[in-house]
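Student: The following block contains the structure, expressed as structure tokens.
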Amino acid sequence: MKETPLSNCERRFLLRAIEEKKRLDGRQTYDYRNIRISFGTDYGCCMVELGKTRVLGQVSCELVSPKLNRATEGILFFNLELSQMAAPAFEPGRQSDLLVKLNRLLERCLRNSKCIDTESLCVVAGEKVWQIRVDLHLLNHDGNIIDAASIAAIVALCHFRRPDVSVQGDEITLYTPEERDPVPLSIHHMPICVSFAFFQQGTYLLVDPNEREERVMDGLLVIAMNKHREICTIQSSGGIMLLKDQVLRCSKIAGVKVAEITELILKALENDQKVRKEGGKFGFAESIANQRITAFKMEKAPIDTSDVEEKAEEIIAEAEPPSEVVSTPVLWTPGTAQIGEGVENSWGDLEDSEKEDDEGGGDEAIILDSIKMDTGVEVSDIGSQDAPIIVSDSEEEEMIILEPDKNPKKIRTQTTSAKQEKAPSKKPVKRRKKKRAAN
């Protein structure tokens, strides 16, 4: 299913709002959406909500053989999946350009920045090392996937605990969590991506664009940085030319945002660890509020309604007064009235099917009339005996109109030459019958 494009009206509305330094969700230009971090029952499972964008992160580990050129280093593997559950535009079983770009950016941000000590993942040099796999699933898409995915990946890695191992000669022993406490990963720093959207060829700048703002933006700048203000990676897309001052300005903003997000992550990890030690309830089910049916909560944007009445009065004063038009009722028949022009009465109109039926019935009536006329009865004056009733099979058609106290009038409708020839032959027959009656 293709993504539904924005209409021209929506596009102009968004761009005009951005020019006026306004956003649809009530945020300021450099504001992030609310970030919420929740953890599952197992170590290494977390969910990050950036506004309405939700990403589920899961870390797993496995003992494998190391790479030939790096025999003493573990392996890191990152995988981001965009399912149709997140947005109908994502096609299953097919790697889109967006997915490839996001996966590469995650690898550069987390693997190439050496945020995890890969040498601590080695068990036996050249034989067995730990392979750490980070799976990220996008559950809901509302813009800025890379920021939410990077936060989910680093939070899951910090929360993960691998099983403890011991090596005795050539024998490697894995211990369950009941036998020995799992071992956390060795993490040097926490790189976090911060996205900047540019509009009108770099004239306007927004932090953390949502899905609609991403559709109308001209370019995107992603800066991955840690709390020590060290840039881990930087990527610009969209084909716009950025000045040096713009990049430096974005890096300063990113430093402030990364420090805030890092503090939030550390606080969430500390709270989860505290709950687990105390034996309290933890997991995704406990993180959802019981008073709400759905997992999402509508964010209320702060709206200033102090001068609403004054603006309403100004609009009413500037508006033209309504025209004073009084409709006069129309009396068609006593007891009824019509106000306004209305529309024509369509009750008398026959549908096409009814008209066809009527036409077919008319044809049958014409045929029946013609049959009756062919076998018609000639009627003469009732009082006279000279004109008896004669049933003729001739094609002559006569119509008799009966009127009160008047002799019936004969109206001849159709005459033919053949009838005129047969008419003299009938008169002698009548005379013969008269003579026989006299005798």
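Student: Of K2/K22; K114/K244; K52/K257, which sit over 22 Å apart, Cα to Cα?
Tutor: The pairs that break the limit, which is 22 Å between Cα atoms, are K2/K22; K114/K244.
Student: Now for a different question. Might you work out the accessible area of H189 for me, using a 1.4 Å probe with all protein chains in place, and round it to the nearest 10 Å²?
Tutor: Estimated to the nearest 10 Å², H189 gives 30 Å².
Student: Heavy-atom accessible area of C115 with all protein chains present, probe 1.4 Å, nearest 10 Å²?
Tutor: 0 Å²
Student: Rank D135, D170 by accessible area, highest first, at a 1.4 Å probe radius?
Tutor: Largest accessible area first, the residues go D170, D135.
Student: So who's got an amide H within less than 5 Å of the one on K128, skipping anything under 5 residues away but keeping other chains? H placed 1.01 Å off N, in plane.
Tutor: The answer is V123.
Student: Tell me which GluC sites (Glu not before Pro) from the range 114-202 have a DSSP coil assignment and no more than 15 other beta carbons within 10 Å of their own.
Tutor: Hits after loop and neighbour filter: E127, E178, E179.
Student: In terms of solvent-accessible area of protein heavy atoms at a 1.4 angstrom probe, what is the ranking of Y204, Y32, highest value first?
Tutor: Highest to lowest solvent-accessible surface, that is Y204, Y32.
Student: Further question: Could you compute how much accessible surface C232 exposes when probed at 1.4 Å, giving the result in Å² to the nearest 10?
Tutor: For C232, solvent-accessible area is about 40 Å².
Student: Same structure again: Sorting check: for 206-219, 73-86, which peptide has the highest mean count of neighbouring beta carbons within 10 Å, and how do the rest follow?
Tutor: 206-219, 73-86
Student: Once amide H atoms are built 1.01 Å from N in the peptide plane, which residues 5 or more positions from N210, or in another chain, come under 5 Å H to H?
Tutor: Answer set, sorted by chain and number: none.
Student: If you split all Cα-Cα distances of the range 118-208 into 10 Å bins from zero, what percentages do you get per bin, shortest first?
Tutor: 12, 32, 25, 16, 9, 5, 1
The values are calculated or read from the model by the stated rules, or taken from the named source; none is laboratory data. For clarity, every value in this text was computed on a predicted model and none was experimentally measured. In this analysis, Cβ positions are derived from the backbone assuming ideal geometry, glycine residues included, and neighbour counts consider all displayed protein chains. Note: accessible area is taken over every heavy atom of the protein model, side chains too, but ligands, DNA and RNA are not part of it. Shrake-Rupley method; radii C 1.70, N 1.55, O 1.52, S 1.80 Å.
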